[in-house]
Every structure is written in C-alpha cells, then in structure tokens.
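Have a look at the structure below, then the notes.
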Amino acid sequence: MGNPRFWLSLLALTAAGELLAAPPATGNRLSFVSCPIVRDTRSVPCWLSEYEGNTYYLTIQSDVSAEVQPPMLGHKVLVEGVVSAAPAVCGGIVLEKVRLSVMPEQDASCNTMLPADEHYTIDFNPRPPGPSGGRLAFDPSPASATAPAPAPPKGPQTFQLYFDFDKSVSFRHPAPLVSILEMAEKLHATRMTVTGVRGAHKLSNGNLLQESAGVGQRRAEEVAGLLLGAGLKIPATTTWIDGTPDADGVDDWQSRRVTVELLP
Amino acid sequence: MRVNISNKGKYWCSSLLLLASLCSDGHAQPASAPADLWWAPGSGQMLPASVDYPDESGRLGLINTSGAIGTSGHPFFEALGTNGRACVTCHQPANAMSLALTTIQQRWQATAGSDPLFAPIDGQNCPDQPRAEAASHSLLLQRGLFRVALPWPPRDSKGNVTTPEFTIEVARDPTRCNRHPVYGIDGTRHEISVYRRPRPAANLRYVSASKFGVTPFIGKTGMLAAVDPETGKPVNMNMMADAREATLKTQAQSAAHSHMEVSKPLTADQLSRIQQFELQLYAAQRWSTLGGALDEAGGPSGLGPQNMANGRDGVLGNNTSNYVFPMEDKWSQLPAGNDAKEKERNGFRASVARGHDVFFYRTFWISDAMHINTVGLGNPIKRTCATCHGMHMTGMDTANGWMDLGTTNRPWALEPPESPWAKELPSLPLFKLTCRADLPPHPFLGRVIYTQDPGRALISGKCEDVGAIVIQQFRGLAARAPYFVNGSAANLRELVDFYDRRFNIRFTEQEKVDLVNFLGVL
C-alpha cells in the first residue's frame, strides 16, 4: 500500500481499555472475508474490518487515483494483506500490501458506521472530503512525466488485467485497455492471445474461496471483444482456465486476471 | 412574438410591469410588449444576438455568439415534419431552450390542445388515445413529460438486436401504452415507453465537449464508448437521459424522426445548420429579481450567459483551481448596503454565496448511488454535491454522466402512497426488471429492480445501468421547472428536499433557502 509519508503522518490511538484478541504477529499474511466498517473523522472517513477479534485498518477515502480504494457497505470485502508494525490507524492494525475486493452479493449486515472519535485523527489527507486542490490525490508528480521515453518495444508484449472477485470488465479497465491499444500500434501487432483465468483464494482459515465457474471465459471474451470493438484489427485467440486453481494465500488476487499477449 | 433585435451592449428587457422596473441598468427598453413568450414554428422572426426573457427568479439571458439568427428557413425553427412541430416547439428560447410546465399549460389553454406540441406520437400518454381530451396528455400537462419510445430489446450501433442482462415486465401501466398491442413492449412495434423532460438545447459546446475522461472505453464501466460516426472518435456520452445519441447531428436526425415525424431524413446541410446553431447558443440567468445583475463587470465569473459563452468546456471543476461555478468570493463579504434596495440585493447575494458553498463544500454521505459509489471512492463517500456535479460551468459530470441517483428507481423514486384513501394514483409506468442469476447482481438493488424508467439500461442492456440517468446542465433552471428526468421535483425547493431525504443530509432551513437561491441564479 501506497505512500510512506501517509503512514508516518497518521496519528492514531487505540482507545484505552478496549478488549483485544491476541494481536497477530508482524509479517503474518492474512486473507479473509469480512464486513467493512466506516469510521468517520473530522476529515475523510477511515475504512476498517474485523477478523478473529482484531480490527484492521484498510484504507481511507481519497479519490479515484488511490492505490487502495475503499470497499462498500452492504457487501462483504475480501481482504489480503501483511500485518505491519506501524502504529495503529483509526484504531486498526495496519496491513501492508493491502488488496481489497468487494464481494458481489449483497449483505445487509455490513452496515456499521462509527462516528468520529477524538481518539482518531488524520493529520494527512491526500484529498479532503470535498473539492481537491486541483490534482488527483495520487497523481504521478509532474517530474515523472518528463522521464525518458522507453525504448521502442521488440518481441511479444504481455499485459495483465486484474479483476474484482467474480466480476468482469469495470471502471478499473479503461486505462490498461488503452495501454494495450497503444502498444499494439507501436508494435505493429499482427495477432493477440487473450487468456482469462477463474481465480481462487486460500483464506487464512484454510478454506478455498473460488470464483464462479465460467468467469475466466467471460473475462477473456469481454476483453477481446472490447479491444476488437475499439478498432484493433488483428486476429485474436481467446482461451480460458477454469479448473480448480492452486491458491497459496500469497497475492492470490493476481489469480483473478486476464493475460493479453500481443505478437509482432 | 416578443423579441426585438438588440444592439451591441444593449439587450431586450421584458416590459411586463413587474420586470420593467428591473431593467434599469442602462439597457434598452423594449419597444412593444409581446403577447406571450411562445415561439411558434416557422414564425420567421430574428433571434437577437442577445435577448432576455422573464422567468421565476428574474430574467434568463440568451446569447448567440455568431450574431442575430434569421430563423426563416432555419431547420431548428421550421416545422420540417408532418405534425407541425419544429425543434423550437419543445426547445423554447424563453425556457432556456427546454420547455417549462407552465408554458405547456398555457399552450393547452391558448389552443384548446390543438397546438402541434400535443401531437399524439409523443405528446400523449399513448398515441391512440383521443387527442382532444386532457386526460390523454396528462403526463405532459401535469409533469411536462414527453413519451420516449425506445426499441426493446436494444439494438447495437449497427442496428442488430442485442440480448440484455435482464427481462422486463410491466408492473403498472397507468398510461396504457406499455401493454398496448401495437406500442407495448410485446406489441407489434417492440417498443418500451418512458416519459421524460426535454433537456436544454443551449450551452451544447459544454455538453458535447469530448475531452476530460474520454477514451475508447467508458470511464465508469469499461464498456465501449459511443463514437462519432463522422470521425470514428469516441465521444463523452453526456447527451440525452440515456446517452443514446453520440453527437448533435445523430441527435437531431433522430429527434426529427421521432418528435417531428419527418417523411424523409434531414439533409447534411440541415444537420450542419442545427449543429452550428446549437454550438454558438448560450443560456444562463442574467438578472435576479432580488439579487440584481448577474453579469455585471467584475461580478462572479460563473454567472450570466456571457460568461457561459466565454468559458472553457470539458474541464473538471470539482477543485479549488477551476471550481464548478466560480464565484471568486465576490459576494461573500458584501457591505450591508445603504438603502433598502441595496440591503435587499446584498442580502440576497450573500445567500447565493452561501448556497454556492453548500453546493461545493457541505459534506454528506453519498450512498448506494450506482456509478459514483462504484468507481473506486467507496460506499458511502463523505463528499458534496460537486462530487457528482463536477463539470466546470455546467454542473454536469465531465464524461459518461449517467448515475443512479434514485429519481426513477425504487425505493427513492417519487411515488404516491398506495392506499384505499389515496387521492392521487400513480401516473408513471412501473417496470419490474429481473437480472440474470449467473451474473453479479446490481450492487445496491439486487437482481429484482422496480423502476419508472430504466434509463441507460434501455440502451446498454446492463443490470448495473438500471435507473442511471445522464446529469443535465444546471443552467437556466429558473426558466424550466419541473426538474429531474421524470419531472418529479416541481420546483427547486422540492429538488433540494429530494436530496435531503435521499442522503439523509439534514440541511438546515437556511442551507435549503441558500441552495435554492444559488440554483435559481444559474
């Protein structure tokens, strides 16, 4: 997860006297499905989730440019992350490398909104809960735009598109799809292969959480259809992996994907 | 007609008694009083370079940046079809190029319902009802709604029938059209009828600006964006309640077909003239009854038609560098005023400035709104009106502006209570949509959704688009009540009250008054 400045500058206290389960060891990987919780603050809200008696801090509200985007009340969230030693934020144990995916089915029990509490303040917010200062919260700095152009591409080029649990193409995909179109032009691609994968997660409780059958095919066909529909005029081979996938609890979010290979 | 040509630096003021006294800011007085404000098709008058019309909170101003428009023979103003209507029939200069309910009612009175405005094709609840009876036009006469008939199932851009993600049943058919053997969903024409307000045909340079956030893929969904058939380039998809028209030209062609019943398509020349006219026409409130001139030199740069004509299009304004409606704090710290008139004016301007701040800075929890709570911000988000209404100068969304605010979907859509003692019966159709079980459900409404108008989903066939409506521009609001796609807010106060209920905002009375005053001067 994102910005180190952000971590250091968040001031947070755990309310005295709160009964906590045994804290997890730093460095532990966690993977669980649970309700998200919103905690208001004087500034933007924090997002938390409880698992086995501990409260974890997931992210804060900022804007569309955030690397870790908040989940949704009314739905459970699939959380992956590594327990860090950083000071608690908004009363939650901080997870690093957080990956969140909203579970698609509705769950009315996920409705906890906690009021602002003076114990929890955020003294750095990349984007206040209203208009921005003019740029997106996590825009690349103008300096990075002046970096030297990469060498012209040679040989096959591979792209990974990642998906929310059980979902196909969404608001996450215009940018990577445009990158593929641009590369196809630079490379003078002559064909492409599109492989969709049905993902799976090994949860911390030992259970296997598998996406719905057919989602790999749906993703592959949708991605290929969009690229062709946007004017990419090259033959496409569409395949998918829909078996019982391996999952080891390490970055399992990467299994929910489509791989696009462009061939010169 | 009631307009005369203005000279540079002068503009027309209404001579209606009430307003005449307000036209005291050095501008020309009108030579004669118009009979009414109705612009009839084919009247052949000049549309001046700059002209004002009285409205609910003062005067609306229109500006043609290319100078006075001769409307004789002009395809926007001539009745080109078979039913006597022109574009101007439903896009009236005095109503900010939309059509106010009061105007519709006046036309009914004045013509005993014979005006082409009331043509059966879409000026009635369903075309085959008796034309002379007000009951046949009840949605037009009571809510300002025209029937919009769309093919069902939807067609793709090449005209092929597509397979939507949901099935539709008619749960309620008060207009007796959606179960009709010809016009109904299962009728011979395979159409679905929804009922919608006309949208302003001015400031369209902003509405059609394909800049910020426009790629071959729709920003909110990743699906293919519509393309301009002339250039092949993707467009911003910000026109019509469901973004079904890619460009002003495709829009005009289909409007001529559906509203005007033309016997042959408009020519390339007619389409170009309509487009040119629409791209140079600006509308905004120019005078406020209580707040005075909205376009005076040194005033807020977000108000008045001249600032609309000068403004930058396609710009994101939900930030403190551009602003959505820039006020430059011009009205935030005014002196109390010397005399009663100045006190009243400055007091009102201060209220407008506070209303702006409510719009721009007053946070509340935005929840369960498809295409805003689903685009990476979270559900709920603590934000402001300007989060959804971010386009500089218009308050639209910058691109792909459809969202489900709840104006047409249950549980938020305005519906009279069902009760044995009810005095009012539901007037709009209600559709039951059942989404495919093998796909993820709508994140907030599940797999069975009841709606008065499925909005964007009638075009995309997607469950997640049910009830998603493209945001309209905020300009000339005072000239074109009622509001929202289905006319469910009779006035600006009702619009604000809808938000208060929908998002449990708990505005104070002062905040509501200020917000209404602010919206009324746009």
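Table for the structure above
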read-out: Isotropically averaged projected area of segment B:124-217, using the convex hull of Cα atoms (one quarter of hull area), nm²; value: 8.9 nm²
read-out: Alpha-carbon centroids, segment B:33-83 and segment A:240-263: separation in whole Å; value: 61 Å
read-out: Mean projected area in nm² (Cα convex hull; one quarter of hull surface) for segment B:469-522; value: 3.7 nm²
read-out: Pairwise Cα inverse-distance average, inverted: Kirkwood Rh of the protein assembly as shown (Å); value: 28.2 Å
read-out: For segment B:239-393: rounded, prolate or oblate by the Cα gyration tensor [a/c cutoff 1.5]; value: oblate
read-out: Charge sum, other residues only, whose C-beta stays under 13 Å from residue A:110's C-beta, Lys/Arg counted +1 and Asp/Glu -1; value: -3
read-out: Percent breakdown of C-alpha pair distances by 10 Å bin, ordered from the shortest bin, for segment B:177-238; value: 19, 26, 28, 25, 1
read-out: GNM top mover of A:213, A:236, A:25 - chain A, alpha-carbon springs below 10 Å; value: A:25
read-out: Contact order normalised by residue count of chain B, Cα under 8 Å, 6+ apart, percent; value: 17 percent
read-out: Summed residue charge, Cβ within 10 Å of residue B:101's Cβ, Lys/Arg positive, Asp/Glu negative; value: +3
read-out: Extension gain (nm, one decimal) between residue B:233 and residue B:36, 0.36 nm per residue minus Cα-Cα; value: 66.6 nm
read-out: For segment B:325-331, 3J(HN,Hα) per residue [Karplus equation, 6.51 cos²θ - 1.76 cosθ + 1.60, θ = phi - 60°, Hz, x = Gly/Pro]; value: 10, x, 10, 6, 6, 4, 10
read-out: Segment B:463-522 - charge dipole about Cα centre, Lys and Arg +1 at Cβ, Asp and Glu -1, debye rounded to 20; value: 160 debye
read-out: Residues listed by number, segment A:197-211, amide nitrogen under 13 Å from residue A:248 label point at 7 Å toward C-beta; value: A:202
read-out: Semi-axes of the equivalent ellipsoid for segment B:389-522, Cα gyration tensor, largest first, Å; value: 27, 20, 13
read-out: Amide H contacts of residue A:210 (H built 1.01 Å from N, under 5 Å, at least 5 apart or other chain); value: A:201
read-out: Using distinct alpha-carbon pairs, which all enter the 1/r mean, Kirkwood radius of chain A in Å; value: 20.3 Å
read-out: Translational D in µm²/s for segment B:373-432 (Stokes-Einstein at 4 °C, 1.567 mPa s, Kirkwood Rh from C-alpha pairs); value: 89 µm²/s
read-out: Dipole magnitude of chain B about its Cα centre (Cβ charges: Lys, Arg +1; Asp, Glu -1), debye to nearest 20; value: 260 debye
read-out: Check: segment A:26-134 dipole with +1 on Lys, Arg Cβ and -1 on Asp, Glu Cβ, in debye; value: 160 debye
read-out: Chain A: relative contact order in percent, alpha carbon pairs under 8 Å with at least 6 residues between; value: 19 percent
read-out: Residue (of B:275, B:407, B:358) at the positive-pole extreme of the protein assembly as shown, dipole from beta-carbon charges; value: B:275
read-out: Largest-first principal axis extents of the Cα set of segment A:148-263 (Å); value: 47, 31, 25
read-out: Rel. contact order, % - alpha carbon contacts under 8 angstrom, at least six apart, segment B:155-282; value: 17 percent
read-out: Kirkwood Rh and Cα Rg combined as Rg/Rh, chain B; value: 0.95
read-out: Simple spin-label estimate for residue B:72 and residue A:114 in nanometres, 7 Å along Cα-Cβ; value: 7.6 nm
read-out: Cα shape, segment B:270-327, gyration tensor, a/c 1.5 rule; value: oblate
read-out: Per-residue [θ]222 nm for the protein assembly as shown (sum of -39500 (n - 2.57) over DSSP H runs n ≥ 4, rounded to 500); value: -5500 deg cm²/dmol
read-out: Cα gyration tensor, segment A:58-208 - rounded (a/c under 1.5), prolate or oblate; value: oblate
read-out: 15 Å beta-carbon shell around residue B:390, net charge (K/R +1, D/E -1); value: +3
read-out: Rg over Rh [alpha-carbon atoms, Kirkwood Rh] for segment A:26-134; value: 0.95
read-out: For residue A:50, residues with placed amide H under 5 Å, excluding near neighbours; value: A:35, A:56
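All of the numbers you see were taken from the coordinates with simple rules; none came from a lab. This structure is a prediction, so every number in the text was calculated from the model and none was measured. Note: ideal-geometry Cβ built from the backbone for every residue, glycine included; neighbour counts use all protein chains shown.
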